[in-house]
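The values are calculated or read from the model by the stated rules, or taken from the named source; none is laboratory data. Given the structure is predicted, the values throughout are model-derived calculations rather than measurements. Backbone-built Cβ (ideal geometry, glycine too); neighbour counts: all protein chains shown.
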Amino acid sequence: MSKSDKAAGAAEPATSPIGVAVLGLGNVGSEVVRIIEQTAPDLAARIGAPLELRGVAVRNVSGDRGVPREML
């Protein structure tokens, strides 16, 4: 990466993903999950590493949450 790339704010590519955990799946938490999933390539390009949703903490794990059950 050149000095001009660094000055322009370009992120250096990372070799490993950045783990993300979300607290709650209400309005905000579910929207964060949706944005991470739907814009993954753009986010990875902007920050220089892919984001990986590693887990979600909720009070009550029963019911459909829109994420795989093993994430809860």
Mind listing just one residue for me: the one in the stretch 41-64 that is surrounded by fewer than 15 Cβ atoms within 10 Å (Cβ to Cβ) and aliphatic (A, V, I, L, M) and, of those, nearest to Val20 (Cα to Cα)?
Ala57
Given Glu37, Glu52, which one is of a type outside the set (A, V, I, L, M), part of a helix (DSSP H, G or I) and within 8 Å of the chain's Cα centre (by Cα)?
Glu37
Unique match (being aliphatic (A, V, I, L, M) and either in a helix (DSSP H, G or I) or modelled with pLDDT of 95 or more (or both)) among Val32, Val61
Val32
